[in-house]
């Protein structure tokens, strides 16, 4: 049974799951209406720009959540090692231990890639750069920090895809564990994760 929707913000988590499951092209208005419980008129009331505005709004929510809960702490936390440890816990929680696909990754691989290319690029670059900054602040040489950050972010995405393909969410947790173990010892302090976002 669809969740009761009374505000635009109520629709965004539902839209995020539709786009995760169906991609941009496969998320027809009929599918979206069925999931949200809203008719086309109500959907266009909330999103006059149609499906493109819906996807862009979901990406806005994702960007804001990752900036607040992962990227800013990686760049600014007084203890960069703790921030890196928290990043792994938060990543595991957000992607529900490998049971939730990365919507930005889904859009990057689908036919909407060109439509959202700038947004997709900015999301992955922000993650890579924030992690590289934390690694540098934790004492890793700048060039190595950049290489490690790129490797971690790309491997997280690969872990999500492999977990789905193999129908084994544990692949994702094991991937995170191996990635964290590869980082310099000073950057592996454990920390509590933030609560995962709904989008």
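The values are calculated or read from the model by the stated rules, or taken from the named source; none is laboratory data. No experiment lies behind these values; they were computed from the predicted model shown. Every residue, glycine as well, gets a Cβ built from its backbone with ideal geometry; the counts of neighbours run over all protein chains shown.
Figures for the structure shown
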| read-out | value |
| --- | --- |
| Residue check for residue 149: at pLDDT 95 or above, in contact with a helix residue (DSSP H, G or I) (Cβ under 8 Å, 6 or more places away or on another chain) and farther than 19 Å from residue 101 by Cα | yes |
| Only listed residue being modelled with pLDDT under 95, outside any helix (DSSP H, G or I), within 20 Å of residue 61 (Cα to Cα) and under 13 Å from the mean Cα position of the chain (by Cα), chosen from 101, 107 | 101 |
| Residue within segment 45-55 that is over 29 Å from residue 92 (Cβ atoms) and touching a residue at least 60 places away in the same chain (Cβ under 8 Å) present | yes |
| Identity of the residue in segment 22-44, more than 24 Å from the chain's Cα centre (by Cα) and not in a helix (DSSP H, G or I), that ends up surrounded by the fewest Cβ atoms within 10 Å (Cβ to Cβ) | 39 |
| Qualifying residues in segment 110-133 (those that are in contact (Cβ under 8 Å) with a residue 60 or more places away in the chain and either under 16 Å from residue 19 (Cβ atoms) or touching a strand residue (DSSP E or B) at 6+ places or on another chain (Cβ under 6 Å) (or both)) - the one surrounded by the most Cβ atoms within 10 Å (Cβ to Cβ) | 123 |
| Complete set of residues in segment 77-95 that are surrounded by fewer than 18 Cβ atoms within 10 Å (Cβ to Cβ) and out of contact with any helix residue (DSSP H, G or I) (no Cβ under 8 Å at 6 or more places or on another chain) | 78, 79, 89, 93 |
